[in-house]
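First comes the structure, then the notes that go with it.
The values are calculated or read from the model by the stated rules, or taken from the named source; none is laboratory data. A quick note: this is a predicted structure, and the numbers were derived from the prediction, not measured. For neighbour counting, all protein chains shown are included, and Cβ atoms are generated from backbone atoms with ideal geometry for every residue, glycine included. We work out accessible area using only protein heavy atoms, side chains counted, and drop any ligands, DNA or RNA first. Shrake-Rupley method; radii C 1.70, N 1.55, O 1.52, S 1.80 Å.
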Amino acid sequence: EAVKTTHAIAKKSSARMKELSEGLLEFAVIEKQAMKTLPTDLNDVVNDVKDLLFKQVTETIATITFDPLPTIHCDRNAIMRVFMNLISNSIKFKKPGVSPVIHISSQVEANRDIIVSVSDNGLGIDTKYAERVFQPLERLHSRDEIDGAGLGLAICERIIKLHGGTIRIDLSYVAGTRFDIAFPSSALVP
């Protein structure tokens, strides 16, 4: 029995190390990659992410909805990675016994910046940690059952910065967590 337990711990540690090293590599490489900026329909991106996360969505009975989203100039794969991280985090950090409800909306500000918001009904993030969540290797929830290397949001921030934008937590949102991604007006496809 002790051997089984030791084996299970070693296997989990090995998986964590693999995830960490892959994440660090991705984090290091992201700025070196040439962004292929093309007009990209964010509705298609979110639908593709929903398909990729089908297993997690089904297991948690998650609901993912979105308002009509704009078409923007961006690197499709990189932006897909951002939505993948944010939506999978919403599923991962759900309230115990509560199915995740995730909603994505967008608006064009007066200065023509495009704000895309991803909100959920999950555990939320304490305001005192709001700045730290974008730090590499920062894990606010140490619960063992929540996997992850703590690089997802750092990777998201780096991708959005490469697109000339910003990502932040909306601290006025108290029903869970809401991330606001601001893309510059130049990103909007007329």
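Just a few scattered comments:
- Subset of region 172-181 [open to solvent by less than 60 Å² (accessible area, probe 1.4 Å), out of contact with any helix residue (DSSP H, G or I) (no Cβ under 8 Å at 6 or more places or on another chain) and modelled with pLDDT of 95 or more]: D180
- Residue count, region 124-161 (criterion: over 14 Å from the mean Cα position of the chain (by Cα) and either among the aromatic types (F, W, Y) or modelled with pLDDT of 90 or more (or both)): 2
To keep it simple, each residue is scored yes or no on (1) buried (at least 19 other Cβ atoms within 10 Å of the Cβ); (2) in contact (Cβ under 8 Å) with a residue 40 or more places away in the chain.
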residue: T60; (1), (2): no, yes
residue: T63; (1), (2): no, no
residue: T71; (1), (2): no, yes
residue: M80; (1), (2): yes, no
residue: L86; (1), (2): yes, yes
residue: F93; (1), (2): yes, yes
residue: V98; (1), (2): no, no
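- Members of region 25-62 found to be at pLDDT below 95, acidic (D, E) and not in a helix (DSSP H, G or I), listed by number: E31
- Counted residues, region 88-124 - those being at negative phi, of a type outside the set (S, T, N, Q) and in a loop (DSSP other than H, G, I, E, B): 11
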